[in-house]
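Everything below concerns the one structure shown next.
The values are calculated or read from the model by the stated rules, or taken from the named source; none is laboratory data. In this text the structure is predicted, and so the values were computed from the model without any measurement. Because the Cβ atoms are built from the backbone with ideal geometry, glycine has one as well, and the counts that use them run over all protein chains shown. Only protein heavy atoms, including side chains, enter the accessible area calculation; ligands, DNA and RNA are left aside. Shrake-Rupley method; radii C 1.70, N 1.55, O 1.52, S 1.80 Å.
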Amino acid sequence: MVEHGKQLAIPAKVMPLDNAVFTEVEADELSCHGTPAHCAEHGQASLVLKDDQECSASHVHGNGPVEESNGCMPNQRIDEHGQIDFGHSLQLVLFSRQWGLAESLVALADHQLMLDYGLSVALDAIWFLRTEQDLQGLNHLIGKIVESGAKDFARAILRTSLLASCVVACQSKALTLGDSKEIIAQRLHDRLQDCPGGERLQIEAGAKVQKFIEWALQCIHLHRCSEDTECYKANCSTHQEVQFHLSAFKAFLDIAGDNLSGKIFTEAFDAACFPLTLFSTLFEPGWSSGSSAVAIQGLLSLLVEGGAENVNQCFLEASRFGSTELVRILLKIAHQNSLAVDVDLALVYASHYCKFETMACLVDEGHATSFLCPLVKASERGCLQVVQWFVNRHVSDIEMCLAVTTAASCGHFAVATYLLAHIPRHVLEALSPQILKAARGQGSGSFEGVSFLLRSNFLNDAAATYAVADSIATTSTMDIPQDLVDFLKEQWSQAAFAEGVEAGEDHFVNITRVLRRGASPIRLHDLPEPMALAIAYLPLYRACASARGQLLPQRLRGELVEAVGRLGVPVNMENNRRDFLAVLEHYFPSFITGA
């Protein structure tokens, strides 16, 4: 989870592991003490009170008890196992909705830890209420537990918030309890890889969180096993039942009153959002408009009313992990409570991790309008898919120009090529000096981006492209880096072309001298003319043929033009590289050009 009160950066960081709210409760304390198989095998649970001094839990199957555990003994020291046995017994009673029997069990609890644990167990049952009678019975039971001395409201609300989130997550048809462990393990691995801290700390935190989530899913399954209706076998809740759940939770908040601080509500909000960031990418379309979403939205709204202050942090994190359904819910909560959420920063996070569905939600429903930052960052990473997504969303020409320079300076030429094809020529011409200057990159001496733009004929007009390079090479403007001026003067200026022609002339003179006066035993002047030309100009041909892009640097172009002129072919300066090379190929032996 995003750390509360800490400035976010790309990529979004999750809450430091040693502060995670989920690690506050040990796994054995949260255990339901049963397995789905055990629950299926023993379909009915009841509690038998043995006089007024003790209670024991029995799983009844057929005509006899299968398992029995010691309950609570007044005036007897309650250790951790006694606390868990008490919670286990209370759970069994709540499974069967024997509210009066549950109150009798609470009356026997004479230890603070037992009452606090009982409060947490009672709150677990909120999210499985079915009828008005169940609602009244549970509200009365929770009030009874608090009257008896339960005080650990913080742990109870954190635990039940996480459980509620898991309940609604499991009501997605795409997520079943059977494959939840594998999903949890993989999602937690992905979720914690950006977490601050060493590998050992990540492993420990991941193990604790996984046990906590598995406890919640096991608890859900145990509750579902106790249901006998087709609705519950189908793993769904009606809108009326959701209102029962929210009403019971609201009643608990009223009972807790000032015992719950804003900090606790903030942590509970975080706990409720966490499972949805793990699982919501598995939800089927339309989940956010069903009863499950109504339940979690109601829960989160109540937590915000209580003082939760981390809506924006959770919103950013949901965007980072592509939890589109949670993003929708948090947008609604923010609107209903007049809270500000940073949709533009959320778009940066979502685009950084290529969460396209979330990106669409942020733009269409969250009305994010700032595309420049995520577009530039995608260009910087070379993520063509994200760049295409923003271009299709009609980013401005100026934004695409900035993205081009970023992609070129970072060496992502496929991205730069795609963007250049979508920028109008008149815009490129007007900004061409600034584009070449920006493509230089931050580091001195890095001119790959500049070379790419010039070689690719980024103005789609060879004369114009060469002209803008020459204008920068001959400029005396102070805001142009000197090393860029020197590079263009050496390779891309009109002066460089003249030097290339001169170098070509010198090369021709040297070849002529070798042919006429050379003493080589090979006797070059006796070779066929195509072979002699190949010897003279094959290095130049290969250099020009291997150059990338449409245009040649002016220095190399000058040598090529001079060589073509020596062959007696009229030179058209508007011809491109391919035209000039075709002339050389015409005079070369076929086996040379074929190779």
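Rundown of residues vs (1) open to solvent by 30 Å² or more (accessible area, probe 1.4 Å); (2) within 24 Å of T465 (Cβ to Cβ); (3) assigned by the TED database to the domain that holds T474, yes/no style:
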residue: L488; (1), (2), (3): no, yes, yes
residue: N510; (1), (2), (3): yes, no, no
residue: P530; (1), (2), (3): yes, no, no
residue: A534; (1), (2), (3): no, no, no
residue: C544; (1), (2), (3): no, yes, no
residue: R555; (1), (2), (3): yes, yes, no
residue: V561; (1), (2), (3): no, yes, no
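Taking the listed residues A334, A346, A368, the one that is out of contact with any Ser or Thr (no Cβ under 8 Å at 6 or more places or on another chain), small (G, A, S) and under 12 Å from N312 (Cβ atoms) is A334, with no other qualifying. Of all the numbered requirements in (1) open to solvent by 10 Å² or more (accessible area, probe 1.4 Å); (2) touching a residue at least 40 places away in the same chain (Cβ under 8 Å), D85 misses one, and that requirement is (2).
Yes or no, residue by residue, for (1) more than 26 Å from A414 (Cα to Cα); (2) at pLDDT 95 or above; (3) of a type in the set (D, E):
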| residue | (1), (2), (3) |
| --- | --- |
| L278 | yes, no, no |
| V311 | yes, yes, no |
| T324 | yes, no, no |
| R328 | yes, no, no |
| L331 | yes, yes, no |
| D344 | yes, yes, yes |
| F356 | no, yes, no |
| F371 | no, yes, no |
| V386 | no, yes, no |
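Restricted to region 323-421, the set of helices (runs of 4 or more DSSP H) holding at least 3 residues that are closer than 30 Å to N310 by Cβ comprises 324-336, 343-352, 356-364, 372-381, 384-392. When region 570-584 is limited to residues that are open to solvent by 40 Å² or more (accessible area, probe 1.4 Å) and free of Cβ contacts under 8 Å to residues at least 24 places away in the same chain, the one that is nearest to K489 (Cα to Cα) turns out to be M573. Within region 570-585, the residues that satisfy the criterion of being part of a loop (DSSP other than H, G, I, E, B) and of a type in the set (A, V, I, L, M) are V571, M573.
Considering E284, E325, E380, the condition of being more than 30 Å from D258 (Cβ to Cβ) and either in contact with a Lys or Arg (Cβ under 7 Å, 6 or more places away or on another chain) or of a type in the set (S, T, Y) (or both) is satisfied by E284 alone.
Can L138 be described as open to solvent by less than 10 Å² (accessible area, probe 1.4 Å), modelled with pLDDT of 85 or more and within 24 Å of N259 (Cβ to Cβ)?
yes
Restricting to region 144-179, and then to whatever is assigned to a loop (DSSP other than H, G, I, E, B) and either at pLDDT 85 or above or charged (D, E, K, R) (or both), can you tell me which residue is surrounded by the fewest Cβ atoms within 10 Å (Cβ to Cβ)? My answer is K173. Look at (1) surrounded by 21 or more Cβ atoms within 10 Å (Cβ to Cβ); (2) in contact with a Leu (Cβ under 9 Å, 6 or more places away or on another chain) and you find that N457 fails only one, number (1). Of all residues in region 117-135, which are in contact (Cβ under 8 Å) with a residue 40 or more places away in the chain and either over 20 Å from N259 (Cα atoms) or not assigned by the TED database to the domain that holds K263 (or both)? Across region 117-135, the qualifying residues are A125, W127, F128, L129, R130, T131, E132, D134, L135.
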